[in-house]
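Scroll down for the structure; my scribbles are underneath it.
The values are calculated or read from the model by the stated rules, or taken from the named source; none is laboratory data. Note that this is a predicted model, so its numbers are computed, not measured. All Cβ positions, even for glycine, are placed from backbone atoms using ideal geometry, and neighbour counts span all protein chains on display.
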Amino acid sequence: MIDPATPIERASGLDDPADLAIGAFTPHAPWIVVPADMTWRFARNGDPDIVSLRKQAADLARTLVHPKHLPSVGRVLTVAYRLGGALLLWGARERGTPESRAGLSRRLRPAFEHLGPTYIKLGQIISSGEGIFPEELVEEFRLLRDRVAPEPFAIVRRTVEEDLGRPLSAVFTSFDSTPIASASIAQVHSATLRTGERVVVKVQRSRVAPLVRLDIAAMAWIAPFLVGRIPVSALTNPPALVELFAETIVEELDFRLEAQNMLDIAEVFAGTGQRKVVVPRPHPELVTRRVLVMEHLHGFSWGDAEGMRVAGIDTAAVLRASLIAFLEGALIYGVFHGDLHGGNMMVQTDGTVALLDFGITARLDEGKRQAFLRLQMGASTNDVTVQVEALRDLGALPADSDIEAVIRDLNLDRPPIDPTTLTAEEMVSELREVTKALLGYGARLPKELMLFVKNMLFLNGAMATMAPDVDILGEIIAIVTYFNEHHGERIASEIGVVVSDDTIDLDGYRAAMGFTEDDQAITFRDLQERRELIAKRLEAHEHPRRKIPLLRAIYRIIRPARD
């Protein structure tokens, strides 16, 4: 990445800082980001440089998910006791009843809590996977975001002082003992540096690293036995999910990698000219494996759409900027924030979006980046062949899949059907056939696609509060027009698709959503009414042991142009 060789500058409150040329940061800089002089990025005192650290983390993740020996027997027994107990109680009391899934979710959540940071983190990832994981599980596991007890301040102080090599008072004039946020891997405190800047300090939990290693090894050992045995895992692919989880959580255990992710994402936004989404500046010196000091940003919580509107912020523009920034990172640069949810985003008073928590950052190789680009362009033009080929290249289908046969067997080449015109039996039958065909082809939801879909579903769902009355088709045209103006030539040269308003199949979108050509404007409220009708029909038809949430997820994922 960019390495300007100029000295570090202190710049409290500086307007129009020089580092805006290399990163999407706030215009009022507490200090100037100069990557070449950020000491934590380079080898020193026996520590490797940032590139070597990332390689070491990847090597460790691979080792943990492919253990040569059985994992810790003690930890396996503990996990079996907690999860097995939850499953036994569910089997005795709720299984086979209308409360089956809700009961299982309620019993799994406290079991995850008792098992500690690794399982809490896994639960938090599941909680932001609406549309991928069962609705009841997502709702229940959302409680894990707010129920992680903070570590005592004495332990926090010891961690900070050990990693910075100085007493707390030598670095900070104030350090709030009560955290402003407490999560599974770390907690965050407000503080003021001796140089006067107000900052936030992310501090890793004291015993999380060894426990994560034990848990990942146990998960990897168990995951292959779950393939095909847990319906909700059929497409999410337990071994791939564990692999994704290992890669992300191992990187999260080294805050120097997270700080570099912040610089990389900021550089991507700057490279695209994106100034409506910003990244907090990591401190030039105060970053270690367990401590991350960064710029303190303020704003509205993501869910406070009403407060934003009262302040004069265009919430629809906020959502559009967030979607464009995410798509540009993924499709043009192959780097994107991998865990978008309300807790990781805030909206500043000037309407800019501040992204937080970069522990999960997806990085695509060139082949996968172009596959994502083809997938989205195929969705815009409603080209089913391009979409299925892209899914194959992303690993969702085996490399030797017969594309024409997949399209034929899944009936993807037929005109879209308005699902609101189907009976519940017809919907269930169609979804069941899609599931059967997909699994017959060896379909899986690979890790990069899982993160991408999860983010897209989150941003799609945000329309409910941020832009419920905005014309969806108009937004599609606006985004395609943006990509045409900013990246049209590059897209055409890379995948041979000329982006323009004329290439968008708006009639296909209308038909797939159950609207006619007479419906020139479609809002999220209109779409939601149809979704609720479909959901009610499915729920009314649902047998206690039919896993309809999986079918809904398949339907949403396999038809990316139709939702």
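Some observations on this one:
- Residues considered: ARG290, ARG275, ARG320. Of these, the only one that is at pLDDT 95 or above and out of contact with any Cys (no Cβ under 7 Å at 6 or more places or on another chain) is ARG290.
- Residues (of a type in the set (Val, Ile, Thr), over 30 Å from ALA186 (Cα atoms) and either in contact with a Ser or Thr (Cβ under 7 Å, 6 or more places away or on another chain) or at pLDDT 90 or above (or both)) located in segment 357-384: THR381
- Positions within segment 163-180 being assigned to a helix (DSSP H, G or I), of a type in the set (A, V, I, L, M) and surrounded by 11 or more Cβ atoms within 10 Å (Cβ to Cβ), in sequence order: LEU164, LEU168, VAL171
- Contact map, segment 198-226: first residue surrounded by fewer than 21 Cβ atoms within 10 Å (Cβ to Cβ), second residue part of a helix (DSSP H, G or I) and among the β-branched types (Val, Ile, Thr), Cβ cut-off under 7 Å, separation 6 or more or different chains; pairs are SER206/ILE155; SER206/THR159; LEU211/THR118; ALA223/VAL242.
- Across segment 234-244, a minimum of one residue is classified as modelled with pLDDT under 75, out of contact with any helix residue (DSSP H, G or I) (no Cβ under 6 Å at 6 or more places or on another chain) and of a type in the set (Val, Ile, Thr).
- When every residue of segment 145-157 is checked against the conditions, at least one turns out to be within 18 Å of the chain's Cα centre (by Cα), in a helix (DSSP H, G or I) and either buried (at least 16 other Cβ atoms within 10 Å of the Cβ) or in the same structural domain as ASP215 (by TED's automatic domain parsing) (or both).
- Those helices (runs of 4 or more DSSP H) lying entirely in segment 1-115 with at least 1 residues modelled with pLDDT of 85 or more and within 28 Å of ARG363 (Cα to Cα): 50-65
Listed here are the residues, each with its yes/no results for (1) under 21 Å from GLN204 (Cα atoms); (2) under 22 Å from the mean Cα position of the chain (by Cα).
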residue: MET38; (1), (2): yes, no
residue: ALA58; (1), (2): yes, yes
residue: ALA61; (1), (2): yes, yes
residue: ARG75; (1), (2): no, no
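- Verdict on LEU104 being over 27 Å from ARG207 (Cβ atoms), crowded, with 21+ Cβ neighbours inside 10 Å, assigned by TED's automatic domain parsing to the domain that holds GLU243 and among the aliphatic types (A, V, I, L, M): yes
- Residue within segment 299-318 that is under 21 Å from LYS454 (Cα atoms), among the β-branched types (Val, Ile, Thr) and surrounded by fewer than 20 Cβ atoms within 10 Å (Cβ to Cβ) present: no
- Checking HIS487 against (1) modelled with pLDDT under 85; (2) surrounded by 17 or more Cβ atoms within 10 Å (Cβ to Cβ), the condition it does not meet: (1)
- Residues of segment 165-197 satisfying the condition of being over 22 Å from HIS298 (Cα atoms), out of contact with any Phe, Trp or Tyr (no Cβ under 9 Å at 6 or more places or on another chain) and without any contact (Cβ under 8 Å) to a residue 24 or more places away in the chain: GLY165, ARG166, PRO167
- Some residue of segment 441-448 being closer than 27 Å to LEU323 by Cα, outside the structural domain of LEU244 (by TED's automatic domain parsing) and at pLDDT 80 or above: yes
- Subset of segment 457-471 (residues that are assigned to a helix (DSSP H, G or I) and buried (at least 21 other Cβ atoms within 10 Å of the Cβ)): PHE458, ALA462, MET463, MET466
- Count - residues of segment 266-290 that are aliphatic (A, V, I, L, M) and either in a strand (DSSP E or B) or surrounded by fewer than 21 Cβ atoms within 10 Å (Cβ to Cβ) (or both): 5
- In this structure, GLY303 qualifies as closer than 26 Å to SER127 by Cβ, part of a loop (DSSP other than H, G, I, E, B) and at pLDDT below 95.
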